[in-house]
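Taken together, the values in this text are just the output of simple stated rules run on the coordinates, not laboratory data. This one's a predicted model, so the numbers in the text were calculated from it and none came from an experiment. Here Cβ is always computed from backbone atoms with ideal geometry, including for glycine, and neighbour counts include all displayed protein chains.
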Amino acid sequence: MALSPDIMKTYGRIDIAFTHGKGSFLFSEDGSKYLDYATGIAVNAFGHSHPELIKALQDQASKLWHVSNLYKIPEQDKVANLLVKHSCTDQAFFCNSGAEATEGAVKVARRYAWSQKDTKRDEILCVTGAFHGRTLAMLAANDRPLFREGFGPKVPGFIHAEWGNIEDLKMKLNEKVAAVLIEPVQGEGGARKAPKNYLKEVQTLTKENGSLLISDEVQIGMGRSGSLFAYQNENIEPDIIALAKGLGGGFPVGAVLAKSEVGNAMVPGTHGSTFGGNPLAMRAAEVVINLITKNGFLEGLNEKIKYLNDKIDSLIIDEKNSFNNKNTILFVKGKGHGFLRGIELSDKISAGDFSTIARQKGLLLVGAAENTIRILPPLNTSFEEIDLAFFKLKEICQELHKKND
Ligand code: PLP
């Protein structure tokens, strides 16, 4: 079936329609089965058709879908309480997407500075390689000039330091900077984990400068790092956290979490969302948080993360294994962290072409910057499924070698 002309062409869509999913697998119209290690770009935290998510959503769907934030929403209180209990923050605002969460986080940071009578402090210091979403303001926060092309003037108030370069960040931090906005592990930027101690140093410098730290955990948050929140691996405490993607396990929901001192700058009328935090979204988020924080879950996840890590290590630039050989190096570098992993490919093949071949073999991956393929398994994937993914990767490499050698 051809792609519909009725859809605005904002995506270079692949002509496959999935009919259903179960666990880590997706099934398409023509009966093909795919191991989904793309998870809707880090969204399906517990794969597809998780029984607890279905149960919670069916139960809520039969009772109440939507009420305005003008009223008390007990389902929201519950999720806010869980997020606050498990994080260094004290308050939550709910929205529907990652860009709304990052944009909301920026608003909170600026409003806090304003509430402190620090009215000149309105700049947001971002880093190279960053991706924070597609709203007009986030286009300025991103490090992707091409994404801004044709969309009018760049929103002012966003500057950039070089990713991982603490001296550059130090140079750019001044009395105008309200907050540093940073992903602890960059997703779209090429599955790049912050260098050791970098985030700790960033936090120290922001504090010294009177600026806030916003952790954009839209992609790496909600268990994907091996901890509930990625900042927890870095011995830091952000003032504000942006969440989305995995938070609803596939139901659209985002959140801005903030320490109370900062969040208290937001008073009625300063921000809002018609749909944000509706009972359906909240029931999904509650299940996801409870599954991740269940006794022993993160320990089990970390064993699988280590297993995946060892597999990736074993296939990078080893002339003796079948992924790279003397003549054709395909895999250059293992990247990322936790279940946001990447493999940088050599100039022998593009990430796009590699993902296409993987798809033809029944493995879904996602491309990223730096010619990187991203591996984003659901948090509840099995060791056997990780083996299956690597079996398929091996097959692909053997075929490519045959072609190239
Ligand atoms: N922040 C990060 C780190 C992301 O990876 C993304 C999306 O990929 C966003 C923000 C924007 O999220 P959304 O597409 O839900 O607006």
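Quick check: from the Cα gyration tensor, does region 44-88 come out rounded (a/c under 1.5), prolate or oblate? Judged from the Cα gyration tensor, region 44-88 comes out oblate (a/c at least 1.5, b/c at or above a/b). Phi angles across region 161-177 convert, under the Karplus curve 6.51 cos²θ - 1.76 cosθ + 1.60 with θ = phi - 60°, into 3J(HN,Hα) values of 10, 6, 4, x, 9, 5, 5, 5, 5, 4, 5, 8, 7, 9, 5, 8, 7 Hz, Gly and Pro given as x. Using C-alpha pairs below 8 Å separated by at least 6 residues, the relative contact order for the chain is 22 percent. Taking Glu123, Glu103, Glu234 in turn, the Gaussian network model of the chain (Cα-Cα springs below 10 Å) assigns the largest fluctuation to Glu234.
Rounded, prolate or oblate: which one fits region 226-279, using the alpha carbon gyration tensor with axes a ≥ b ≥ c (rounded when a/c is under 1.5, else prolate when a/b beats b/c, else oblate)? Here region 226-279 falls in the oblate category. The residue list Ala244, Gly276, Ala101 was ranked by how far each Cα lies along the charge dipole of the chain toward its positive end, using unit charges on Cβ atoms, and Gly276 comes out on top.
Each Lys and Arg adds +1 at its Cβ and each Asp and Glu adds -1 at its Cβ; summed about the Cα centre, the chain shows a dipole of about 220 debye. Just the number, please: percent antiparallel of the DSSP beta bridges in the chain, rounded to the nearest 5. Taking every DSSP beta bridge with both residues in the chain, the antiparallel ones total about 65 percent.
Our note on the geometry: Cα centres of region 200-222 and region 355-374, 31 Å apart.
Note on the chain: dipole from Cβ charges, positive end direction compared against Ala80, Gly152, Tyr112; the farthest Cα belongs to Gly152. In summary, the lysines within cross-link reach of Lys172, defined as a Cα separation below 21 angstrom excluding same-chain residues under 8 places away, comprise Lys107, Lys120, Lys154, Lys196, Lys200, Lys207. Around the amide H of Ser24, modelled in the peptide plane, lie the amide H atoms of His48, all under 5 Å away and 5 or more residues distant in sequence or on another chain. Close amide H contacts of Gly226 (hydrogens built in the peptide plane, cut-off under 5 Å, sequence separation of 5 or more or a different chain): Phe339. If you take all other residues with their beta carbon under 12 Å from the beta carbon of Ala42, and give Lys and Arg +1 and Asp and Glu -1, the sum is 0. Going down the table (Lys259/Lys335; Lys306/Lys348; Lys193/Lys403; Lys170/Lys193; Lys117/Lys193; Lys333/Lys392), which pairs top 25 Å between alpha carbons? Too far apart for the 25 Å limit: Lys259/Lys335; Lys306/Lys348; Lys193/Lys403; Lys117/Lys193. Counting only Cβ charges, +1 for Lys and Arg and -1 for Asp and Glu, the dipole size of region 115-269 around its Cα centre is about 200 debye.
For region 20-120, what is the relative contact order in percent, using Cα pairs closer than 8 Å and at least 6 residues apart in sequence? Intermediate values should be presented prior to the final figure.
Values: 46 pairs, mean separation 14.5, N = 101.
Once normalised by length, the contact order is 14 percent.
Sequentially through region 103-112, phi angles give Karplus couplings (6.51, -1.76, 1.60; θ = phi - 60°) of 5, x, 4, 5, 4, 4, 4, 5, 5, 4 Hz, Gly and Pro residues having no value and appearing as x. Computed over the chain with a Gaussian network model linking Cα atoms closer than 10 Å, the most mobile of Met222, Met138, Met171 is Met171.
By the gyration tensor of its Cα atoms, with a ≥ b ≥ c the square roots of the eigenvalues, what is the shape of region 116-222: rounded for a/c under 1.5, prolate for a/b over b/c, or oblate? Oblate, because a/c is 1.5 or more while a/b does not exceed b/c.
Summarising the amide proton neighbourhood of Tyr37: residues at separation of 5 or more, or on other chains, whose placed amide H is nearer than 5 Å comprise Leu364. Computed from backbone phi with θ = phi - 60° and the Karplus coefficients 6.51, -1.76 and 1.60, the 3J(HN,Hα) list for region 229-235 is 10, 5, 4, 5, 8, 10, 6 Hz; x is used for glycine and proline.
Each stretch of four or more DSSP H residues adds -39500 (n - 2.57); spread over every residue of the chain, this sum gives -11000 deg cm²/dmol at 222 nm.
What residue among Leu365, Leu125, Leu388 has the largest mean-square fluctuation in a Gaussian network model of the chain, using Cα springs under 10 Å? Of Leu365, Leu125, Leu388, the most mobile in the Gaussian network model is Leu388.
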